[in-house]
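The values are calculated or read from the model by the stated rules, or taken from the named source; none is laboratory data. Please read these numbers as outputs of a predicted model, since none were measured by experiment. FYI the Cβ positions are ideal-geometry reconstructions off the backbone, even for glycines, and counts take in every protein chain you see.
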Amino acid sequence: MNKFVVIGTVVICFISYGLWPLAASSFLLLISDDPIIAFSSVALWSVAVLVQVVAMWQIFKRNLKGLHLFFSVIFLYVVLFTGDEIIVYFESEATTFPFFSILNKAVFPLIAAWVLYYSDAKDFFQHHNRE
Amino acid sequence: MSKCSKCDTNISFMSVLNTPNPLKVKCSGCKEPIHMDKVTGGIAVLIILAITIPVLINFYGSENYWLMIVLPVVAVAEVTYFLLIKFGMVKTKDAS
């Protein structure tokens, strides 16, 4: 069961926080008037997806270091989203700070991190460490 | 109250929260697996899923979905399942 939980969580995170931003920035590259920003975004997420693939390879080999690398990329997404929200907030001079929007974006990665680091699913990695 | 058959420790909320498999909970005392009765546990899990999944689907796309919908619904589902174990409605395999 732990194996399926780890694989399921990692794959969902990879799609939501790796493939999806890459697909969105690639689409932006096609329609954007400012291709430099869109190209930088595609380059950033291409590197991020490659790092996540390497991390996933390590995770499936039950290596905990892969998990650290994987979540570094996921939280990079949350940090970039937060930065974007803050920039938009200051530029638009909105009255309410988008605190809940930022927190909402961080909830899923935090739940995923909790599942893989603190729930019983972490036994998946302890099996590797005992060998 | 359902207890571990090996060390007689009460099943804790964290044990229920931490398990990926609701029918197999790890004892917080001796770390041995406590198997739930498949009939009572299975029915409880099915009822909880039958309520939570439509709620999650219905509210999908609403503002701050993860924070305002998913987190409270999952918390309520976990607490409900724990209370069903605590009050003996979901039995452990040895107790059933």
Inset, instruction - Please tell me if B:SER62 is among the hydroxyl-bearing types (Ser, Thr, Tyr) and surrounded by 14 or more Cβ atoms within 10 Å (Cβ to Cβ). - result: no
Inset, instruction - Could you check, for region B:77-89, whether at least one of its residues is farther than 22 Å from A:ASP123 by Cβ, surrounded by 14 or more Cβ atoms within 10 Å (Cβ to Cβ) and within 14 Å of another protein chain (Cβ to nearest Cβ)? - result: yes
Legend entry - Residue satisfying all of: in region B:23-32; crowded, with 16+ Cβ neighbours inside 10 Å and touching a strand residue (DSSP E or B) at 6+ places or on another chain (Cβ under 7 Å); nearest to the other protein chains (Cβ to nearest Cβ) among these: B:LYS26
Inset, instruction - Hand me the list of helices (runs of 4 or more DSSP H) wholly inside region A:54-131 holding 2 or more residues that are away from chain B (no Cβ under 14 Å) and modelled with pLDDT under 85. - result: A:64-92, A:123-130
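Being touching a His at 6+ places or on another chain (Cβ under 9 Å), crowded, with 16+ Cβ neighbours inside 10 Å and closer than 26 Å to B:MET14 by Cβ, is that true of even one residue in region A:48-69? Don't jump to the end; show me each part of the working.
Of all residues in region A:48-69, those touching a His at 6+ places or on another chain (Cβ under 9 Å) come to A:55, A:61-64.
Filter again for crowded, with 16+ Cβ neighbours inside 10 Å, leaving A:55, A:62-64.
Those left that are additionally closer than 26 Å to B:MET14 by Cβ: A:62, A:64.
Yes, some residue in region A:48-69 is touching a His at 6+ places or on another chain (Cβ under 9 Å), crowded, with 16+ Cβ neighbours inside 10 Å and closer than 26 Å to B:MET14 by Cβ.
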